[in-house]
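The values are calculated or read from the model by the stated rules, or taken from the named source; none is laboratory data. These figures come from a predicted structure and were not determined experimentally. Positions of Cβ are backbone-derived with ideal geometry, glycine not excepted, and every protein chain shown enters the neighbour counts.
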Amino acid sequence: MKKQEIIRLRDITKYYKVGTQVVKALNGVTLNIYKNEYLALMGASGSGKSTLMNILGCLDTPTSGQYILNEKDVSKLDDNRLAEIRNKEIGFIFQTFNLLPRSTALENVMLPLVYAGLNKSKRQEKARKVLDEVQLTDRIGHRPNELSGGQRQRVAVARALVNEPSIILADEPTGNLDSKTSIEMMGLFEDIHKLGNTVIVVTHEEDIAKHAHRIIRLKDGEVEWDEANKNIVTMADYELAATEG
């Protein structure tokens, strides 16, 4: 069965002018990403990984090249159209959670649905459903300062899922979590992928990247390495290690 392409990047460049110098953040990146892939995007500071993430997430546009997302060329869209694409096609999960501090878990998850134009009862129904899926049914009325770091990240995951986006884009999603909670979070990503979502995790942590099925490394604004992960780590591996330990 032929894989369905969801993202096509062709010769993507991104240049910034800093004083009199031109900084080449991306220098001819070409990639295909397919529906229901689970991939990790890696690279050291200055590799271009954050710039590529911003372009993939329609937070920025390339200097040159073509970006096809779900058969639409988004390379040259204006900010308003990019915002529409982001809200419909991409669910974001950030290292710092980016939750509204005075809003409850339910209200935070409902927020993308406001922009989607759903009425209040429908927003509540969908938000409660995804909070249940991330095992936070008993925390829907809690504000972020009443939740643990892992619970706050689960709220962020639910918010990313609520619009049923084509792509889940996670930027260092375990960066503010302890080791145990990080493992739990990667188990949640495993479940999200099994539901049919395309998952892109941006990380500098080798242990986190090992959960992905494909690993792409950037160096100096170019793809240095793009291969299938032959040693995928799953929650079953942790469970086995716990029983043997």
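Brief remarks follow.
- Selection count where residues are on the phi > 0 side of the Ramachandran plot and either surrounded by 13 or more Cβ atoms within 10 Å (Cβ to Cβ) or touching a Leu at 6+ places or on another chain (Cβ under 8 Å) (or both), scope the range 196-245: 2
- Enumeration of residues in the range 65-77 that are modelled with pLDDT of 90 or more and surrounded by fewer than 15 Cβ atoms within 10 Å (Cβ to Cβ): E71, K72, D73
- Selection from the range 152-183 of residues that are assigned to a helix (DSSP H, G or I), without any contact (Cβ under 8 Å) to a residue 60 or more places away in the chain and either crowded, with 18+ Cβ neighbours inside 10 Å or aliphatic (A, V, I, L, M) (or both): R152, R154, V155, A158, S182, I183
- Selection of first residues in the range 134-151 that are under 16 Å from M110 (Cα atoms) and of second residues that are among the basic types (K, R), restricted to Cβ pairs under 8 Å at least 6 apart or on distinct chains, gives the following pairs, ordered by first then second residue: V134/R154; L136/R154; T137/R128; I140/R128; R143/R102; P144/R152.
- Residue in the range 105-120 that is within 22 Å of V29 (Cβ to Cβ), outside any helix (DSSP H, G or I) and either of a type in the set (D, E) or in contact (Cβ under 8 Å) with a residue 40 or more places away in the chain (or both) present: no
- The residue of the range 34-58 that is farthest from K194 (Cα to Cα), among those that are touching a residue at least 60 places away in the same chain (Cβ under 8 Å) and among the aliphatic types (A, V, I, L, M), is A44.
- Scanning the range 108-142 for residues that are touching a Ser or Thr at 6+ places or on another chain (Cβ under 7 Å) and closer than 24 Å to I183 by Cα returns L131, I140, H142.
- Residues in the range 16-54 that are touching a strand residue (DSSP E or B) at 6+ places or on another chain (Cβ under 9 Å), among the hydrophobic types (A, V, I, L, M, F, W, C) and surrounded by fewer than 15 Cβ atoms within 10 Å (Cβ to Cβ): V22, V23, A44.
- Top-ranked residue in the range 188-245 [being of a type in the set (K, R) and outside any strand (DSSP E or B); ranked as farthest from A156 (Cα to Cα)]: K230
- The residues in the range 185-195 that are closer than 15 Å to Q135 by Cβ and surrounded by fewer than 17 Cβ atoms within 10 Å (Cβ to Cβ) can be counted, and the count is 3.
Conditions (1) of a type in the set (G, A, S); (2) modelled with pLDDT under 95, marked per residue:
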| residue | (1), (2) |
| --- | --- |
| L106 | no, no |
| P112 | no, yes |
| G117 | yes, yes |
| V134 | no, yes |
| R143 | no, no |
| G149 | yes, yes |
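- Among the residues making up the range 71-100, a single one is part of a strand (DSSP E or B) and in contact with a Cys (Cβ under 8 Å, 6 or more places away or on another chain): I90.
- Residue within the range 90-108 that is of a type in the set (G, A, S), over 18 Å from the mean Cα position of the chain (by Cα), at positive phi and buried (at least 16 other Cβ atoms within 10 Å of the Cβ) present: no
- Unique match (being without any contact (Cβ under 8 Å) to a residue 60 or more places away in the chain, over 24 Å from T174 (Cβ atoms) and hydrophobic (A, V, I, L, M, F, W, C)) among V18, V29: V18
- Of the set (1) at pLDDT below 95; (2) in contact with a His (Cβ under 9 Å, 6 or more places away or on another chain), all apply to K2 but (2).
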